[in-house]
Each structure stands twice: as structure tokens, then as C-alpha cells.
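Structure first, then comments.
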Amino acid sequence: MKQAGQSPWNGNPYRRPNSPFWHIVFTDADGVTRRRSTQTKDVRVARERLAETLRAVEQARAGHVDRFARNRSIPIQQFIDEYRATLEANQSAPRYVAGTIRQIRQFLAFAKVKHLPEIHIADAERFLTSIRAERSAKTRDHYAGALRGFSKWLERTGRWECDPLRNLAVRTSNRDKFRIFKRVGFRFEEAERLVEAAWTRYVAERPLGGLQSRPDYCEAVRDRQVLYWFVLTTAFRAGECASLCWDDLCLDSARPSVRLDGRFTKNGDDAVIPLQGFVVDSLREMRARRDALHARRGDDPVRDADRVFRLPSKIATIVRKDAETAGLTAERGAGRKRVDFHCLRKSCARILIELKVHPISGFARHPTGSPVDARTWMKQPVVVRG
């Protein structure tokens, strides 16, 4: 006679009929027998979860209450949404918020994290290593900063018992050697070629369609030419140019200048930088053209509180393409110099040095600079284009 087989309900963990997962059975702190699915096909993981459950029952019987019991079962996506809402409430830039959330979600997909207890620093290290294999050290550190910010927020807001990524390195050792670029410094003749190349490239690419074929895009190209001359003669950074309003420009005074609030400068000090005569004329013409454009569209005239320059997000790529059109791109090689928007600031220093005016400490407004040089510059204006 055939002996009956063992029931599938026996054992702990055990398998239920027609279920691919392991289940556990235990007695809770109230003496009630519970049966629960571990949602895993690995018996080793099921045994570990049974042991964790039994330890939690013993702690509950001893009077220890797990304040984070509910958060252990909440989907991780809910915490991501709450973190996004916190960043937006703190008035973080939309671009920063979107990038941070995207980087965190990439890590969660990489480590297959669904709940908070599944966040481990070893998985974060492996994820950052994979990022560094394809991207720069700076990008790797941006990802690490996003993960650390999220994990610190979990502990700070009381959503988790500890910072799971506390010891995650957010800065690559010797990272600065990957961030230092040798930039091109244009001479005045080369700067003129760069400004002219902006219009030349627009004329050449307009028949091809795309952005250049849009109505009134020629106004954006002319504004970019004014922006180039402005930076080439004032050494303003991209963020400083983007912060300027028409009210910051003194175009009708005896000594035309531009005022820059200390909130937007690198050294934190207010700055007053003189403007060259032909740059003043270009700025006046740009405002008149913008007023005419607003009139054609039926909009209000330009106000003093409006922004002077509208810098696109890919301004470095635009400068590089204009430089290539002007034939100013260096040959490829190990010692190739970088061409981007910041090289216009360096070009300003080179032009002024050629004119025997030292702009580095005061005029360029470095953190170690002295305002004496800026005052000397104001008393001795130099015309770089006559």
C-alpha cells in the first residue's frame, strides 16, 4: 500500500498549493497564530524574514514598540513623492528637483529597492561605480549627493530610524584634477570673428530649418552678439549675466556702468563695472529692437525689471559652434583647450592685459581680489574699440 505523501502545509517556512512563494507561520504578541507570505521564492530569504518576525514579536512582548513598523511596508515611491514635495516647498530650482528625483529613481531601479529596509550602502557603492564607469567624477558626485540628501532627509524627518547611506562618499578623491580645464583666451581680433560668426552661422543654417528658421529668431542671434561683447568687456559669468535687469544698467550717466548685486557674485560683494561706449550703444539698440518686437506682438514695452539677457541652457554648446564657424576651435589632442562660455571671461582678461590694464584681482571679482583695482579702472577708462 502506497504511503501518503507529506502535506505541503507542514514545515516553517512552508508552501501553499498553487503558490510560488514561501509562507511563514508564527504567533504574535497577542497569542494569535498568523500566516503571512514572504513574497519570495528563496527559502533562505524566507527563513531570514521569519527570524526577523520572531524577534519583532519578542520585542513587542517585552514592551518595545517599533515606531517604524508602518514605514517598513510603505512603497518607496511614496517617500520619493514626499521628498519631491519637500524640495519644491523649499523653492529649489525645478531643474534641480527633476534631476535629483531622476538620479534617486535610477538607483532604486538599479538596486531593485521597493521598501526602505532594502536600501543598503553596498548597493549604492555599486551603483555609483557603474555611473563612474560611463560618466565623469563630477557626475558621479552629483548622484552621490542626491542619494545622501534623500537618506539624510529620511532620518531628519523621522521617517526612518537611521541614515542608511551615512558613510557614502559624496566627493571623489582628487576630483579637482578632473574638473580643471585649460580654456581658450581670444585676442580682440579673434573676439570680433566670434561675434561675426554668430550671424554667419545663422544665415548658413537658416535654409536647413529647425530653430534658425523660426520667425524673429534673428533677434535672438543679435542679442547673443551683444551678450558676447558684454562678457568680453566686463568678464561677467553666465549666472551673473542671467541675473541682470535693465534697472542694473546705467547707460545714460557720464560713466556708463553696470551694477551687480552681491547675491549673484562669487565673492559675495556688490560690484560696479564700467561699460565700453560701443557696448552701451549695442545695449540701447537691443532694448529698442526688443520694444519693437513687443509692439509687433501686441505686448507691453520692456520694463526696467525685465531681464537683459536670456541665456539658453546650452549656451556653452552655442559658443562652441560659433567658435567652430569662426575657425577658433583648437585642434584635438591631449593638451586641447576648452571652448565654452567661460572662455569669454578669460578672453576679457587677456584683452585688458594687452591694453596694460590688470583686471584679475578687482575687475574680474575673484574672492581674493581687492576693490582698489576696480576703482582705478573706473578712473582710467580704456576704450578697446574705437
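Values quoted throughout were computed directly from the atomic coordinates according to the rules given, and no laboratory measurement underlies them. Remember, predicted model here, so these are calculated numbers, not experimental data. Using ideal geometry, Cβ is built from the backbone for each residue, glycine included, and neighbour counts are taken over all protein chains shown.
Quick one: grab the alpha carbon gyration tensor of the stretch 224-272, order the square roots of its eigenvalues as a ≥ b ≥ c, and give me rounded if a/c is under 1.5, else prolate or oblate depending on whether a/b is larger than b/c. Oblate. Ranked by the mean number of other Cβ atoms within 10 Å of their residues, highest first, the peptides 39-52, 292-305 fall in the order 39-52, 292-305. The translational diffusion coefficient of the stretch 14-66, from Stokes-Einstein at 4 °C and 1.567 mPa s with a Kirkwood hydrodynamic radius over alpha carbon pairs, comes to 111 µm²/s. Each Cα pair under 8 Å and six or more residues apart adds its separation to the average, and for the stretch 14-66 the resulting relative contact order is 28 percent. In this structure, the pairs whose alpha-carbon distance is over 32 Å, taken from 138/321; 112/314; 152/182; 152/346, are 112/314; 152/182; 152/346. Take 311-318, 273-280, 229-236 and order them by the average number of nearby Cβ atoms within 10 Å per residue, most first; the result is 229-236, 273-280, 311-318. Taking a straight line from the alpha carbon of residue 114, these aspartates and glutamates sit under 15 Å away, with near neighbours fewer than eight places off in the same chain left out: 81, 123.
Spin-label pair residue 25-residue 82: with each label point 7 Å from Cα along the Cα-Cβ axis, the two points sit 3.6 nm from one another.
Prolate is the label for the stretch 137-257, because a/c, from the alpha-carbon gyration tensor with a ≥ b ≥ c as root eigenvalues, is 1.5 or above and a/b exceeds b/c. Short-range pairs are left out: with C-alpha atoms under 8 Å and at least six residues apart, the relative contact order of the stretch 73-179 is 26 percent. Based on alpha carbons, the Rg and Dmax found for the stretch 73-179 are 13.6, 44 Å. With a Förster radius of 51 Å applied to the beta-carbon distance between residue 126 and residue 297, the computed FRET efficiency rounds to 0.45.
Using Cα positions and a limit of under 19 Å, work out the aspartates and glutamates in reach of residue 337, with same-chain residues fewer than 8 apart set aside. Straight-line reach from residue 337, under 19 Å: 176, 189, 190, 322, 324.
With the highest mean first, a sort of the peptides 338-346, 253-261 on other beta-carbon atoms found within 10 angstrom per residue produces 338-346, 253-261.
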